[in-house]
Amino acid sequence: QVQLVESGGGLVQAGGSLRLSCVASRSLSSINAMGWYRQAPGKQRELVATFTSGGITSYAASVKGRFTISRDNAINTVTLQMNSLKPEDTAVYYCYANWVGPNYWGQGTQVTVSS
């Protein structure tokens, strides 16, 4: 069973930055895709940022230019650098990963942006 452990959430003022990390218990060398979703209260879970095995990254329009996803295969870690945070970025952020078969999910980390 693969485990994804997230860290880095917290409370920040609008305009501030946070860095989320997700450490996988399995090597990323053969991964199909990995990234971050978020879910705000009363809203559906939405894709925030992801990368694929081909090295392609994609972002939600609402975060493009502010968030950056990166990976470090040596430590099985994916990072989401979030800059210029807005109150509407407030949500629980979930790391996901896919090798073969169903996605694996982290437990979620809360990000709260105050105005």
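Accessible surface computed residue by residue for the chain, with neighbouring protein chains in place and a 1.4 Å probe, gives 51 Å² per residue. If the segment from SER7 to ALA40 were pulled out straight at 0.36 nm per residue, it would be longer than the present Cα-Cα gap by 10.1 nm. Of all the options SER29, SER21, SER70, the one that moves most in a Gaussian network model of the chain with Cα springs shorter than 10 angstrom is SER29.
Highest mobility in the GNM of the chain, judged by mean-square fluctuation with C-alpha springs under 10 Å and restricted to ALA33, ALA61, ALA91, is found for ALA61. Normalised by the number of residues in the range 1-107, the mean separation of alpha-carbon contacts (under 8 Å, six or more apart) gives a relative contact order of 36 percent.
Given the Cα-Cα distance of ALA61 and SER27 and 0.36 nm per residue of separation, how much length would full extension add, in nm?
Additional length available on full extension: 9.3 nm.
The values are calculated or read from the model by the stated rules, or taken from the named source; none is laboratory data. Nothing here was measured: the structure is a model prediction, and the numbers come from that model. SASA here: full protein model, heavy atoms, side chains in, ligands and nucleic acids out. Shrake-Rupley method; radii C 1.70, N 1.55, O 1.52, S 1.80 Å.
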